[in-house]
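Chemist: Below is the structure I would like to discuss, written out as structure tokens.
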Amino acid sequence: MTQNDKTVDLAENLWKRLRSGKPPTGRHPQICGDIPMSINRDGTWYYQGGPIGRIELVKLFSTVLQRDEEGGHWLVTPAEMARIAVEDAAFVVVEVTRDSDDENSTRAGEDQGHNGIIRMRTNIDQWVELDENHSLRVEENPKTGEPSPYIALDRGLEARLNRASFYQLVEWAEENTAPDSPETTLGVYSHGRFFKIGTVENDER
């Protein structure tokens, strides 16, 4: 048995335990504390130090993953809550697409180019649309100025856009600047909403 097989077996046993436990008396699952599971920055899941090399198993764990208000990540089932370590975001966007929204684009007086839909695929093949419930935020490294873009997912989770995905958004970017503003705001439209991805000083243009 290879090390990867051992890791998968251990992770499968953990999944069975989490799913088969009886709910405790009361409304909340039992808090088990930290377990030796982690997700690194590139979206790889680890258990007891080894990567979980079976994507189907990773997808199962992802269905019970939640993020609390303090940024902690938890596997939550009716029976147990177990915290795992996440280096950055739990998922990574690996593909973005854009298509037109035929129903919205036919509304009179609206710019058809602003009614398209941007969709993003994560590293576990989950698709999410950029909209008011799944918004975009971009953090900048204060030292290097390098952007780190994220899209909001359900249950408080986020996915970080990889470099190629973010560059695709930059290619689609449009200007949206208030009169007399010292900065030009760049962003993309999806579902008729504008999502900011950055700014440029007007004297730099």
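The values are calculated or read from the model by the stated rules, or taken from the named source; none is laboratory data. Values in this document were obtained by computation on a predicted structure and should not be read as measured data. Every residue, glycine among them, receives a Cβ derived from its backbone with ideal geometry; neighbour counts consider all protein chains shown.
Chemist: Which one is surrounded by the fewest Cβ atoms within 10 Å (Cβ to Cβ), of the residues in segment 178-205 that are free of Cβ contacts under 8 Å to residues at least 24 places away in the same chain and in a loop (DSSP other than H, G, I, E, B)?
Modeler: Pro179
Chemist: Let me ask another. Name the single residue, out of those in segment 45-97 being part of a loop (DSSP other than H, G, I, E, B) and of a type in the set (A, V, I, L, M, F, W, C), that is farthest from Arg160 (Cα to Cα). Before the answer, list the steps.
Modeler: Filtering segment 45-97 for residues part of a loop (DSSP other than H, G, I, E, B) gives 48-49, 52-54, 63-64, 68-72, 77-79, 87-90.
With the extra rule that they be of a type in the set (A, V, I, L, M, F, W, C), the set shrinks to 52, 64, 79, 89-90.
Details: Ile52: 20, Val64: 19, Ala79: 30, Ala89: 6, Ala90: 8 Å.
Checking each candidate, the answer is Ala79.
Chemist: Next question. Restricting the search to segment 128-149, which residues are among the polar types (S, T, N, Q) and either surrounded by 13 or more Cβ atoms within 10 Å (Cβ to Cβ) or closer than 20 Å to Arg193 by Cβ (or both)?
Modeler: Asn133, Ser135, Ser148 - these are the residues of segment 128-149 that are among the polar types (S, T, N, Q) and either surrounded by 13 or more Cβ atoms within 10 Å (Cβ to Cβ) or closer than 20 Å to Arg193 by Cβ (or both).
Chemist: Within segment 89-103, is even one residue closer than 30 Å to Gln30 by Cβ, among the hydroxyl-bearing types (Ser, Thr, Tyr) and at pLDDT 95 or above?
Modeler: Filtering segment 89-103 down to residues closer than 30 Å to Gln30 by Cβ leaves 89-91.
Narrowing the set further to residues that are among the hydroxyl-bearing types (Ser, Thr, Tyr) leaves none.
No: zero hits.
Chemist: Follow-up question, since we're still on this one. If you take the residues of segment 150-169 that are surrounded by 14 or more Cβ atoms within 10 Å (Cβ to Cβ) and over 14 Å from the mean Cα position of the chain (by Cα), which of them is nearest to Asp68 (Cα to Cα)?
Modeler: For segment 150-169, the residue satisfying everything is Leu169.
Chemist: Filter segment 115-144 down to the residues that are over 11 Å from the mean Cα position of the chain (by Cα) and polar (S, T, N, Q) and list them by number.
Modeler: Asn115, Asn133, Asn141, Thr144
Chemist: Please find, within segment 108-125, the residue that is modelled with the lowest pLDDT out of those that are surrounded by 12 or more Cβ atoms within 10 Å (Cβ to Cβ) and assigned to a loop (DSSP other than H, G, I, E, B).
Modeler: Within segment 108-125, the first condition is being surrounded by 12 or more Cβ atoms within 10 Å (Cβ to Cβ), and the residues that meet it are 110, 112, 114-124.
From what is left, the residues that are assigned to a loop (DSSP other than H, G, I, E, B) are 110, 115-116, 123-124.
On the way: Glu110: 46, Asn115: 77, Gly116: 91, Asn123: 97, Ile124: 97.
Taking the candidates together, the pick is Glu110.
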